[in-house]
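Asks: Have a look at the structure that comes next, please.
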Amino acid sequence: MFLKFGLNNKYEPDITIVNKEDNQEMFDRLTAEYGILTLPAMIANGEALTRTQPSPVLTFLEKHVGKK
């Protein structure tokens, strides 16, 4: 919701959303590889973020995508 409404889809072209229902294999691989136990989560450049409050998400996106 924050990505869509809070950031007006600003990062949509820069991210790939993996839904368990749509791609079980990739979902299972990523959650196992990064030890993700809670959702939603963000992954970029070997780093996983599970604290998905607005401030950490924005910092994570700015760091890995470069847009402000």
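Every number here is computed from the coordinates shown, using simple stated rules; none is lab data. Keep in mind that this is a model prediction, so the values were computed, not measured. Note: ideal-geometry Cβ built from the backbone for every residue, glycine included; neighbour counts use all protein chains shown.
Asks: If you place +1 on the Cβ of every Lys and Arg, -1 on the Cβ of every Asp and Glu, and leave all else neutral, what size is the dipole of the chain about its Cα centre, to the nearest 20 Debye?
Replies: With Lys and Arg at +1 and Asp and Glu at -1, about 380 debye.
Asks: Turning to a different aspect of this structure: How high is the relative contact order of the chain, in percent, counting Cα pairs under 8 Å that sit 6 or more residues apart?
Replies: With pairs under 8 Å counted, the relative contact order is 18 percent.
Asks: Still on this model: Please report, in whole Å³, the volume per residue of the convex hull around the C-alpha atoms of the chain.
Replies: 92 Å³
Asks: Have a look at THR16, LEU3, PRO40 and report the one farthest towards the positive end of the charge dipole of the chain, computed about the Cα centre with Cβ charges (Lys/Arg +1, Asp/Glu -1).
Replies: Toward the positive end, the furthest listed residue is LEU3.
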